[in-house]
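The values are calculated or read from the model by the stated rules, or taken from the named source; none is laboratory data. Computed from a predicted model, the values in this text were never measured in an experiment. We place every Cβ from the backbone using ideal geometry, glycine too, and count neighbours over all the protein chains shown.
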Amino acid sequence: MDLTYDCPPTLTDSQVLEFCKTGLLRLDTIVPDEINKRVFQYCNQHDGAIPATEDWYIENVTLNPQVFGPIRSLLGRDFTYPTAGGNHRVQGPIRITNGWHNDGGSTHKPNLDCLQVFYLPQDTPKELGPTEFLPGSHLLLSLQPWMRHYGNIRGSVSTAVPAGSIFLTAYSIWHRRTSSTADEIRNLIKYWYKRTVPPERDWIQERGFQPKDAKQSQPGFYFHREHHRTINDVAEMFYWLCGMEDEYSSVNNLDNNLPIFLSK
């Protein structure tokens with residue numbers, strides 16, 4: 001059973017827009033080291049199972065105060081937090097040459113109703129085969145068989161981070177495991193937060209910032225794609241998060257490349 005939580009939002013307009021571009025937010029070493037060690041030990045003693053219902057885990061991981069402000073900003077008030085999760089636990093060495101995918105149920109639309117979280121309870125250097133993300137790929141529609149044959153892609157982001165780091169991601173972001181060279185176990189814990197209310201622009205608003213400014217931003221996607229299409233998708237997602245989806249429609253002014261916003 002998922003429970004709900006509320007707290008003040010901490011992201012600004014620009015930071016929310018940046019998440020719309022990349023579908024990714026990195027939070028380094030926010031889980032205390034003693035908790036990371038305890039989680040790591042628990043996983044080793046329980047064949048990779050995670051302590052999802054333990055009070056000490058809930059307080060320091062799923063209810064971590066440093067992660068709640070960004071989640072509140074992106075999912076709105078009374079979002080759900082998990083009482084379960086999974087561990088993508090593997091032992092190397094493993095050679096990976098492809099494997100890009102997004103998880104089941106992924107959709108190509110501007111909605112942000114769920115955040116998928118990746119928590120690293122141990123130092124995860126390149127030798128352990130950390131997960132890799134492709135920023136902006138949450139906006140790219142692609143069938144799984146077409147994705148899996150890709151190898152290295154310029155602009156990808158590695159989760160080679162210190163213990164206690166957390167990544168918040170749009171559910172549909174492309175990701176993959178990378179090759180590992182060490183004969184060690186890597187733990188990667190995944191869980192989800194979900195929206196319960198309609199979206200609205202109730203994060204920290206910046207003076208002078210207007211939703212239409214999203215159309216002027218540079219995309220956070222590095223894979224080959226039409227530039228204008230990516231910018232439009234980013235702007236549409238930002239408008240949706242503002243609760244202004246019905247007001248969003250754009251065309252390109254070919255003479256001066258300025259956006260025009262119309263009402264549907």
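Would you mind telling me which numbered condition in (1) of a type outside the set (S, T, N, Q); (2) surrounded by fewer than 16 Cβ atoms within 10 Å (Cβ to Cβ); (3) in contact with a helix residue (DSSP H, G or I) (Cβ under 8 Å, 6 or more places away or on another chain); (4) in a helix (DSSP H, G or I) E34 fails? Checking E34 against (1) of a type outside the set (S, T, N, Q); (2) surrounded by fewer than 16 Cβ atoms within 10 Å (Cβ to Cβ); (3) in contact with a helix residue (DSSP H, G or I) (Cβ under 8 Å, 6 or more places away or on another chain); (4) in a helix (DSSP H, G or I), the one that fails is (3). Filtering the stretch 8-29 to residues that are surrounded by 14 or more Cβ atoms within 10 Å (Cβ to Cβ) and outside any helix (DSSP H, G or I) leaves P9, T10, L11, T12, G23, L24, L25, R26, L27, T29. Taking the criterion of being within 28 Å of S73 (Cβ to Cβ) and among the polar types (S, T, N, Q), the only residue of the stretch 170-186 that qualifies is S172.
Each row is one residue, and each column tells you yes or no for (1) of a type in the set (S, T, Y); (2) over 17 Å from the mean Cα position of the chain (by Cα).
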| site | (1), (2) |
| --- | --- |
| Y119 | yes, no |
| P125 | no, yes |
| G129 | no, yes |
| S137 | yes, no |
| S142 | yes, yes |
| Y150 | yes, yes |
| I153 | no, yes |
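The requirement of being part of a loop (DSSP other than H, G, I, E, B), among the charged types (D, E, K, R) and at pLDDT below 80 is not satisfied by R229.
Listed here are the residues, each with its yes/no results for (1) more than 14 Å from S137 (Cα to Cα); (2) surrounded by fewer than 20 Cβ atoms within 10 Å (Cβ to Cβ); (3) not polar (S, T, N, Q).
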position	(1), (2), (3)
G155	no, yes, yes
S172	no, no, no
H175	no, no, yes
S179	yes, yes, no
A182	yes, yes, yes
I185	yes, yes, yes
L188	yes, no, yes
Y193	yes, no, yes
E200	yes, yes, yes
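Considering every residue within the stretch 86-101, establish whether at least one is at pLDDT 95 or above and either assigned by TED's automatic domain parsing to the domain that holds V234 or part of a helix (DSSP H, G or I) (or both). Within the stretch 86-101, not a single residue is at pLDDT 95 or above and either assigned by TED's automatic domain parsing to the domain that holds V234 or part of a helix (DSSP H, G or I) (or both). Cβ-Cβ contacts under 6 Å between residues 6 or more apart (or on different chains), taken from a first residue in the stretch 56-73 that is within 20 Å of Y171 (Cβ to Cβ) and not assigned by TED's automatic domain parsing to the domain that holds F19 to a second residue that is crowded, with 16+ Cβ neighbours inside 10 Å and among the β-branched types (V, I, T), are absent. Taking the criterion of being within 23 Å of Y150 (Cα to Cα) and surrounded by 18 or more Cβ atoms within 10 Å (Cβ to Cβ), the residues of the stretch 75-105 that qualify are W100, N102.
Per the listing L141, L112, the residue uniquely part of a loop (DSSP other than H, G, I, E, B), among the hydrophobic types (A, V, I, L, M, F, W, C), at pLDDT below 95 and farther than 23 Å from Q45 by Cβ is L141.
Which count do you get for residues in the stretch 115-138 that are assigned to a loop (DSSP other than H, G, I, E, B) and either out of contact with any strand residue (DSSP E or B) (no Cβ under 8 Å at 6 or more places or on another chain) or surrounded by fewer than 18 Cβ atoms within 10 Å (Cβ to Cβ) (or both)? Going through the stretch 115-138 one residue at a time, the tally reaches 3.
Is it the case that some residue within the stretch 72-82 is outside any helix (DSSP H, G or I), touching a Ser or Thr at 6+ places or on another chain (Cβ under 9 Å) and at pLDDT below 95? The answer is yes; a qualifying residue exists.
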